[in-house]
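Single-structure report; data block below.
The values are calculated or read from the model by the stated rules, or taken from the named source; none is laboratory data. All figures in this text were calculated on a predicted structure; none of them were measured in a lab. A quick note on method: Cβ atoms are made from the backbone with ideal geometry, for glycine too, and the neighbour counts reach across all protein chains shown.
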Amino acid sequence: MPSPRKPTPKPLPVTNRSDADRRVRQADRIARVLRVLQLIQRPGRWDAELIASELECSIRTVYRDLAVLELAGVPWAFDKETSTYKVRPDFQFPVLHLTDDELLGQATATAAMKATGLDVTLGAKPTTEKLISGADNRTESLLREAQQFTEILDLKLVDHSRHASDIRTVQWALLHKKQLTGQYESPYEGKSLKLTLHPYRLCLIKSAWYLIGKARDADQPRTYRIVRFKSLRMTDQSAVVPQHFDLREYLGNAWGVYRGADTHAVELVFSKDAAGIVTETIWHPTQTSCRNKDGTVTMSFTVDGLDEIVRWIVGWAGRVRVVAPDELRAKVVDQHRKAIALNG
């Protein structure tokens, strides 16, 4: 094998090529140099011959491209023991130019991922710290101060602190398209279930993280709350995930997580003192609001299933009237009666 060397690139001879042709050749060369960089950063034994074979060029061209990388400040080295080229492991490439709004977005994401319920992975903090380590004083100040002044409090999310590893397990299974197996305790089944799942999606809905997946012996996918898994691990078996699975379509018009079998047109009238508060929030994608002359507000929704919206309406007790459907009104009244019986 030729010994490694770092020749100085020779200037190209003057030709009568057009400007367009020169730009194309220059772009091709830049692309090839970047490809060399990509190869010597990857695992593997990349010597000059292998690089030349991969790029379909001469070994002499490889040497010229390595020289260009060195002139650009990329600290590659030739390992005599393995006869391969590698970029120095501790080398960090310059930080990409980011606008103030992009930096602020990164800092906000870092602050958000500290909130209880969202702090289930390392989050955005390591990325922000790497940006700070290679940043100028102004960028460093912006990132640090934005984190200091932005805080996320009291989201009232389910406590996932003991299930962070389960969430990461689901993420890796989704990325590697592998099946999951574990023990699941559902309050509706009355017993612990041994499940083997094809994972479809991981999603945060309302206040908790959920796994959408199809059990190996089931016909349709189901929704599983992460905190109800007592054990969960990724298997070596490949998962089958529908190519065009759409989470929004799967959830339909569910008020929260669980989609009912029947669709209902819901109409509610909120009292004058609640009108301003209730309309500040988008509670459901189908929500419409209409201000009435007496100061009340009429809100309408189209929902699949009534159980979840009943609990929400009960939270507005004394300030909301159910106009339709009758079935929903009866469910709300029943919940109030139970509450009075329990607290009367």
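General remarks:
- For the residues D326, D304, the requirement of being of a type in the set (D, E) and buried (at least 16 other Cβ atoms within 10 Å of the Cβ) singles out D304.
- Within region 255-272, tally of residues that are basic (K, R) and either buried (at least 17 other Cβ atoms within 10 Å of the Cβ) or at pLDDT below 95 (or both): 1
- Filter result for L175 (among the aliphatic types (A, V, I, L, M), within 18 Å of the chain's Cα centre (by Cα) and exposed (fewer than 12 other Cβ atoms within 10 Å of the Cβ)): yes
- Residue, modelled with the highest pLDDT, within region 107-131, restricted to residues that are among the β-branched types (V, I, T) and surrounded by fewer than 17 Cβ atoms within 10 Å (Cβ to Cβ): T108
- Answer residue from region 151-166, given it is under 14 Å from C203 (Cα atoms) and surrounded by 19 or more Cβ atoms within 10 Å (Cβ to Cβ) and is modelled with the highest pLDDT among those: D166
- Test: residue in region 183-199 that is over 16 Å from D236 (Cα atoms), assigned by TED's automatic domain parsing to the domain that holds A218, part of a loop (DSSP other than H, G, I, E, B) and among the aromatic types (F, W, Y): yes
- Here region 273-284 is the region considered, the condition is being within 23 Å of I205 (Cα to Cα) and in contact with a Ser or Thr (Cβ under 9 Å, 6 or more places away or on another chain), and the residue that is surrounded by the most Cβ atoms within 10 Å (Cβ to Cβ) is H284.
- Of all the listed residues (S141, S165, S161), the sole one being assigned to a loop (DSSP other than H, G, I, E, B) and either closer than 30 Å to R228 by Cα or outside the structural domain of P199 (by TED's automatic domain parsing) (or both) is S161.
Here is a yes/no grid of residues against (1) without any contact (Cβ under 8 Å) to a residue 24 or more places away in the chain; (2) in the same structural domain as L306 (by TED's automatic domain parsing); (3) charged (D, E, K, R):
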| position | (1), (2), (3) |
| --- | --- |
| T223 | no, no, no |
| S231 | no, no, no |
| Q237 | no, no, no |
| V241 | no, no, no |
| V257 | no, no, no |
| E267 | no, yes, yes |
| S271 | no, yes, no |
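- When region 72-92 is filtered for residues that are surrounded by fewer than 11 Cβ atoms within 10 Å (Cβ to Cβ) and either within 14 Å of Q41 (Cα to Cα) or hydrophobic (A, V, I, L, M, F, W, C) (or both), the ones remaining, listed by number, are A72, R88, P89, D90, Q92.
- Exactly one residue among A111, A67, A48, A77 is assigned by TED's automatic domain parsing to the domain that holds L143 and either farther than 29 Å from L131 by Cβ or of a type in the set (G, A, S) (or both), and that residue is A111.
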